[in-house]
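Values in this text are rule-based calculations from the coordinates and carry no lab data. Fair warning: this is a prediction, and the values are worked out from it, not measured in the lab. Neighbour counts run over all protein chains shown; Cβ positions are idealised from the backbone, glycine included.
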Amino acid sequence: MSFHRESPDFAVREIEMAMPRLRDDLRWTFQEVRGEGSYLLEDPLQGKFYRLGAREHAFVRSLDGRHTVAALVSATAKGDPRLAFESEEAASLVRMLVDAGLVVSDDASHAGRVYDEVNRPTESKRAVGKVSQVLFLKLPLGNPDRFFAWLAAKAGWLAGPWFAAIWIAVVLWGALSLHGEKERFVAQMSGLFEFGNLWMLGVLWLVLKVFHECWHGFVCRYFGGVVPEAGVTLLLFTTPLGYVNASSSTAFPSRWHRLAVAGAGMYGELFVAAIAAIVWSRVEPGMLSAALHQVVVLSSVTTVLFNANPLMRFDGYYILSDLLDIPNLYGKGQNVAGWLARRGLLGMRKAKYPLRKGEPGLLIGAYGIAASVWKVVVMVGLLLATAFLFEGAGLLLAIVVGAAMLVQSITGAAKYLKKNAAAEGLRPARLIARVVCFLTILAAALVTIEITPTATAPAVVRDVGGGEVRVRCPGFLRELVVRAGDQVKEGDLLARLENVEEQSRLLQIETEIQRSRLRRDALLKEGQIAASQAEEEHLAGLEGTAGELREHVASLELRAPRAGRIDGRHLELLVGTWIETGRPLFSVFEGNRRELVILAAPSDRERFDEAREAALPVTFRPRGRVTTWEATLADAVPSAGMEPAHFALITPSGGPLAVRHRTGAAAQSATTEPGKGEDPLASYELTKPRFEWRASLLADEGELREGEIGTVKARGTRAQTLAALAWQGLQRQFEVLKERAGGA
């Protein structure tokens, strides 16, 4: 690698001879930040703001279209030394103004050459950036400013101080209501993502996100801003995220008004969540209770987790930036993180410190590092999600976007080094030595550091004596006949479900059977033997279908498979909600021993074998619990199979393992138990083979419920290097992606 020490910058020369003029429609706003004056330059055409210090403001205001940039630089050198500019600084500032479209020039040909010089190096970078933006597809929907102006005039009191007092009281009331019913609230979370509830969850999500963005726009307009645009951003082409352009709040002189706009969405949603919590705690279980529960979760938990995160430029970032009184915190943090990387990793001792005197460098640097790490984590997560989202097409899109981002990073770093390495004190030999040293240390760590790997697998608690009661025909739970702890006999009624569609189908088929019998009898009387025989065959088919459907509908009444005590938690919360096929509602417990059924991936077989041979216990953590239980492994099945083993482990009942419907001979070979109808598991098979293990619980097994799912962790006995583990992990991920691509 070589660096040119004295290569002329033709873009700087071209810009020095330009005579740019600041656009007449731009607006300036003075603000005081950390005791110092700063200026906001507003572009009303694009709705963008640019913050400049007093020195930059004085220079930009002097761009009158009659003097060259070089002449203006000379003038600053003769005036106040605090406002003096160097040629490269002035060129960089003008380059930014040209690139943003904030200046014009009467010399059209010269302006064109300046624009070409400025934008030629960034065209490829912009093209690559557009490729990566496909993960965030932005769809503007229009100008809502008139609507928000009307809303601010009619409901401005919602942004006033006395409503804030009401807000505090209602939110505290809602929090106390949830605290008093916290066990019931947590229990109801288990059915939040049931298939039958997803439609309601999606509708509520859209309504609440529109409500969230309306609060941003309404409060911005109330304090005198404008909202020129609103729209939708599609995350991974599937998840809609609304937005409003409330950037005009940046120019508000009051910091508290800016904070109010930034937090308005969360402010409004938390108020709705509190009201929903109060009502939820006072209504009976049913459809309304389920809807209110979802509103509380969506308006509080998800809002706080996503919108309040300050490491991304959402609501939490702007609140933190204004609270710390550090404008452009994200940009400054990235600059400090880059400066640290140049000095610490590349040895650029002359790299210019990017912050001004008095700015909190430690705080900004810590934020910049955290935001950079979080950005990488989010982008990697989005690429992985894209690869798995659209099967083969998603994998191709993830590769293209990932490669584009990698190329953008590498080319940007190479151009920066070529242009600035010598000026910032980097020597090629020193850079090569640092890279070699870093790679050597990394390689040594990978091949010498050893760890004992662990394996995890989904597991379910199963009563060895049976007794689990699962739903065979889906429907709304209309009546609970028993409660947890009740003693029942075999065949006792436990609950009733309702499925109007299936019951209507049965009624239609029974009506058709009556009509078919009448047609058959009429044909016999008329002597049409052949026609009557054909009708007889049709009647037999209808009666066979009706028999199966009667048995299916009859399963809407759940009955005890044996005598014992009912085991179940918060069953009353499910009344009025849709229950999917295969979901366990009860367990009739006789005090029999319970065990774990474990389905481990083939890649984890070695770890489980090591744990069994060394008699090491495995740990089981049920979903939603903190406590863990220990268990001892028994032998596994000889080879991996496609059998689900237990309904609680597969996705139709909310389990972790993906399944597909059996087809062909596999479906026809599915057997049923005499007198018990079709086994729900018989129509499913796993999408990937798994080894089935059994494990005996060592203690306190009575606290675990039949059908309770969780994760088992097994620790191996043979240590492996980081390099070996990384290679194995990459191989597994590649195989997974290849299988997905091949099946698309």
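Summarising the amide proton neighbourhood of residue 48: residues at separation of 5 or more, or on other chains, whose placed amide H is nearer than 5 Å comprise 43. If R0 is 35 Å, the Cβ-Cβ spacing of residue 256 and residue 48 corresponds to a FRET efficiency of close to 0.90.
Using 0.36 nm per residue of separation minus the Cα-Cα distance, give me the extension gain between residue 92 and residue 418 in nm, one decimal.
Taking 0.36 nm per residue and subtracting the Cα distance, the gain is 115.6 nm.
Phi-derived couplings, Karplus 6.51 cos²θ - 1.76 cosθ + 1.60 at θ = phi - 60°, listed residue by residue for region 299-312: 8, 10, 4, 5, 5, 5, 5, 9, 6, 8, 5, x, 7, 10 Hz, with x used for Gly and Pro.
Extending 7 Å from the Cα toward the beta-carbon at both residue 30 and residue 508 defines two label points whose distance is 7.7 nm. For region 497-552, the set of GluC sites (Glu not before Pro) satisfying both a DSSP loop assignment and a count of at most 10 other C-beta atoms within 10 Å is given as 526.
Computed from the C-beta positions of residue 551 and residue 517, the FRET efficiency with R₀ = 25 Å rounds to 0.75. Once R0 is set to 22 Å, what does the formula 1/(1 + (r/R0)^6) return for the Cβ-Cβ distance between residue 234 and residue 688, expressed as a FRET efficiency to the nearest 0.05? Rounded to the nearest 0.05, the efficiency is 0.15. Seen through its C-alpha gyration tensor, with square-root eigenvalues sorted a ≥ b ≥ c, region 143-325 comes out prolate because a/c lies at 1.5 or above while a/b is bigger than b/c.
Distance between the pseudo-spin-label points of residue 603 and residue 728 (7 Å out from Cα toward the beta carbon): 1.0 nm. Under 20 Å from a label point set 7 Å out along the Cα-to-Cβ vector of residue 23, the amide N atoms of region 220-234 belong to 225-230.
What is the gain in length, in nm to one decimal, between residue 563 and residue 363 on full extension, counting 0.36 nm per residue of separation less the C-alpha to C-alpha distance? Show your work: numbers first, answer last.
Values: separation 200, 0.36 × 200 = 72.00 nm, distance 6.56 nm.
Full-extension gain reported as 65.4 nm.
Mean separation of Cα pairs under 8 Å and 6 or more residues apart, divided by the residue count, gives region 143-325 a relative contact order of 25 percent. Computed from phi, the 3J(HN,Hα) profile of region 485-490 under the Karplus parametrisation 6.51, -1.76, 1.60 (θ = phi - 60°) reads x, 5, 8, 10, 9, 4 Hz, with x in place of Gly and Pro. Computed from label points 7 Å out along Cα-Cβ, the spacing between residue 481 and residue 173 is 4.2 nm.
Fully extended, how many nm does the chain gain between residue 146 and residue 406 (0.36 nm per residue separation, minus their Cα-Cα distance)?
Values: separation 260, 0.36 × 260 = 93.60 nm, distance 4.31 nm.
My answer for the length gained is 89.3 nm.
Can you order the peptides 170-182, 287-299, 607-619 by their average number of other Cβ atoms within 10 Å per residue, highest first? Can you show the working numbers first?
Numbers: 170-182: 15.4, 287-299: 20.7, 607-619: 17.5.
Most protected by this proxy first, the peptides run 287-299, 607-619, 170-182.
For the listed peptides 327-335, 350-358, a ranking on the average number of other beta carbons within 10 Å per residue, highest first, reads 327-335, 350-358. Pairs exceeding a 24 Å alpha-carbon distance, out of 332/415; 48/357; 375/419; 182/713: 48/357; 375/419; 182/713. Ranked by the mean number of other Cβ atoms within 10 Å of their residues, highest first, the peptides 427-437, 553-563, 268-278 come out as 268-278, 553-563, 427-437.
Report relative contact order for region 438-573 in percent, whole number only (criteria: Cα-Cα under 8 Å, sequence separation at least 6). Mind showing how you got there, number by number?
On the way: 136 pairs, mean separation 53.0, N = 136.
Here the relative contact order equals 39 percent.
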